[in-house]
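The values are calculated or read from the model by the stated rules, or taken from the named source; none is laboratory data. This is a predicted model, so every value here is computed, not measured. Cβ coordinates were reconstructed from backbone atoms using ideal geometry, including for glycine residues, and neighbour counts include every protein chain displayed. Areas reflect the complete protein model, heavy atoms only, side chains present, ligands, DNA and RNA absent. Shrake-Rupley method; radii C 1.70, N 1.55, O 1.52, S 1.80 Å.
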Amino acid sequence: MYNIISTGSKGNAVIYFDTILIDCGVPYSHIKPYIDKLQMVLLTHQHSDHLNMSTIKQIQFNRPSIRFGCGAFLSEMLSGVRNVDVFEAGKIYNYGLFKISPIILYHDVQNFGYRIFKAGKKVIHATDTVTLEGITAKNYDLYAIECNYDEDKVFDVIREKTARGEYAHQRGSVNSHLSKQQAQAFVLNNAGASYEFIMLHQSSEF
Ligand SMILES: [Zn+2]
Ligand SMILES: [Zn+2]
């Protein structure tokens, strides 16, 4: 159902159902092996670990019929790219073989998560958000949710770095990213008896 090409601050790209790529914050060479089956590229937000314009242009060049989807807030960055569908959050977009519905997330720039409905399966993909409040996804088959930091560790790391006079970029994580504990609570509140949980965007440090 999914293939994680890369997740985390070094680059993000996840393929669902062999056909739908979410984010392309990786070099084109990482996408190339899967390009033939792709039908749609869904973009979340402008950060370079999620959006590599050179990769987008190469995807378009090699697969001219592929569609891109994003929020209006990315339209300007994508000017020059063809086949861009600009989405509104909460609406359901029917592409025949699958349906897409964007979700508003809460990051330091405008950002979308996505619901994908295909072949009777329901997937939610949400990363780079400080909260999932107000979002529900009952009885989904796959939860791909950001688990950026561990609440039990991050505050110690910040305290130790600050005490040493170092810059603690973890402060930024706490203000614009989701913790493992928040993700787990979301899955517990929403999942039914059978589901898969992928931890996206985990930090290597804490
Ligand atoms: Zn990110
Ligand atoms: Zn981000």
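Before moving on, here are some points about what is shown:
- Filter result for Val81 (over 25 Å from Met199 (Cβ atoms), of a type in the set (Val, Ile, Thr) and either free of Cβ contacts under 8 Å to residues at least 24 places away in the same chain or in a helix (DSSP H, G or I) (or both)): no
- Unique match (being part of a strand (DSSP E or B) and more than 18 Å from Ile100 (Cβ to Cβ)) among Ile5, Ile35: Ile5
- When Ile198 is tested against (1) within 16 Å of Leu105 (Cα to Cα); (2) within 16 Å of the chain's Cα centre (by Cα), exactly one condition is not met: (1).
- Residue in the range 115-122 that is more than 16 Å from ligand 2 (Cβ to nearest atom) and not in a strand (DSSP E or B) present: yes
- For the range 38-52, the candidate set comprises residues that are part of a strand (DSSP E or B) and in contact (Cβ under 8 Å) with a residue 40 or more places away in the chain; within that set, the residue that is nearest to ligand 2 (Cβ to nearest atom) is Leu42.
- For the range 190-199, the criterion of a residue being surrounded by fewer than 18 Cβ atoms within 10 Å (Cβ to Cβ), touching a helix residue (DSSP H, G or I) at 6+ places or on another chain (Cβ under 9 Å) and of a type outside the set (A, V, I, L, M) is satisfied by at least one position.
- Among the residues making up the range 39-52, those that are surrounded by 14 or more Cβ atoms within 10 Å (Cβ to Cβ) and within 16 Å of ligand 1 (Cβ to nearest atom) are Leu42, Leu43, Thr44, His45, Gln46, His47, Asp49, His50, Leu51, Asn52.
- Residue count for the range 8-32, restricted to those that are more than 17 Å from Leu200 (Cα to Cα), assigned to a loop (DSSP other than H, G, I, E, B) and of a type in the set (Val, Ile, Thr): 1
- Taking the criterion of being of a type in the set (Asp, Glu) and open to solvent by less than 10 Å² (accessible area, probe 1.4 Å), the only residue of the range 1-38 that qualifies is Asp23.
- No other residue among Asp156, Asp141, Asp108, Asp150 is in contact with a strand residue (DSSP E or B) (Cβ under 6 Å, 6 or more places away or on another chain), of a type in the set (D, E, K, R) and either within 15 Å of ligand 2 (Cβ to nearest atom) or open to solvent by 10 Å² or more (accessible area, probe 1.4 Å) (or both) apart from Asp141.
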